[in-house]
């Protein structure tokens with residue numbers, strides 16, 4: 001998937017945890033709470049911090065042979081493990097971390113019976129072991145400019161909400177979140193100057209299309225005076241676009257190619273691709 005987000009490997013390696021709570025919080029989301037003493041070493045970064053999660057596929061799943069880093073070497077090592085006992089690896093966003101209780105929340109978007117992670121979460125697997133490998137942030141404190149623009153579909157909702165939660169209180173701008181069902185909306189903690197726009201996708205529409213159209217209607221406050229050269233740019237503006245591949249790449253192209261925003265001020269990531 002296309003992205004300009006670099007992986008930032010944490011020194012904590014593989015962190016063991018256990019599912020202690022699981023709850024269907026809306027029509028298409030299950031919130032899983034992970035706990036364990038090993039979370040005392042978790043590097044809490046906020047924003048859209050993401051990680052690899054190793055999920056059990058059977059009672060015989062083993063986590064002890066996984067690499068502490070999920071780089072190319074770690075991935076190749078993973079592929080050599082017996083399929084019958086190796087866990088499934090997926091990428092997810094930290095929805096909330098409570099260090100005082102050693103608890104980490106993960107919101108899983110369910111897709112019926114398709115895939116592995118969604119059905120696993122939908123089974124409300126309290127007591128299941130998991131492994132976490134911290135991969136860092138896409139949007140960081142260094143990106144927290146005075147003016148922001150965020151856009152994502154429901155797969156990126158935890159990331160967008162995390163970015164909004166951790167922005168400086170004087171930030172201004174807009175955020176667009178596209179969902180299949182407005183009942184999937186969650187409480188938003190964002191600076192007073194950031195407007196959040198929820199969009200319900202039509203049943204037959206391609207995911208991300210509505211969010212991209214909405215994103216194209218927003219312009220940085222000084223965009224009318226924005227330079228066409230990407231070399232000078234709007235220094236106090238930063239954007240974050242994530243979700244379905246065409247939304248992520250299309251949002252970046254609009255901001256960089258049409259508005260002249262420097263590439264370094266637009267973080268984007270395609271989480272998945274519509275078939």
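The values are calculated or read from the model by the stated rules, or taken from the named source; none is laboratory data. Values in this document were obtained by computation on a predicted structure and should not be read as measured data. No Cβ is skipped: glycine too gets one built from the backbone with ideal geometry, and neighbour counts run over all protein chains shown.
The residue of segment 147-178 that is surrounded by the most Cβ atoms within 10 Å (Cβ to Cβ), among those that are over 20 Å from residue 51 (Cβ atoms) and out of contact with any strand residue (DSSP E or B) (no Cβ under 6 Å at 6 or more places or on another chain), is 167. In segment 148-169, the residues that are farther than 8 Å from residue 47 by Cα and outside the structural domain of residue 262 (by TED's automatic domain parsing) never reach a residue that is modelled with pLDDT of 95 or more and assigned to a strand (DSSP E or B) with C-beta atoms less than 9 angstrom apart, at least six apart or across chains. In segment 238-275, of all residues being out of contact with any helix residue (DSSP H, G or I) (no Cβ under 8 Å at 6 or more places or on another chain) and part of a loop (DSSP other than H, G, I, E, B), the one that is modelled with the lowest pLDDT corresponds to 275. Taking the criterion of being without any contact (Cβ under 8 Å) to a residue 24 or more places away in the chain and surrounded by 13 or more Cβ atoms within 10 Å (Cβ to Cβ), the only residue of segment 52-73 that qualifies is 65.
Return yes when residue 89 is free of Cβ contacts under 8 Å to residues at least 40 places away in the same chain, within 26 Å of residue 66 (Cα to Cα) and touching a strand residue (DSSP E or B) at 6+ places or on another chain (Cβ under 9 Å) and no when it is not. Yes: the conditions hold for residue 89. In a residue-by-residue description of segment 131-138, the property of being over 20 Å from residue 105 (Cα atoms) and within 19 Å of the chain's Cα centre (by Cα) applies to no position. Summed over segment 1-34, the residues that are modelled with pLDDT of 95 or more and within 30 Å of residue 250 (Cβ to Cβ) give a count of 7. Of all residues in segment 89-103, one or more are under 18 Å from residue 11 (Cβ atoms), surrounded by fewer than 18 Cβ atoms within 10 Å (Cβ to Cβ) and out of contact with any helix residue (DSSP H, G or I) (no Cβ under 6 Å at 6 or more places or on another chain).
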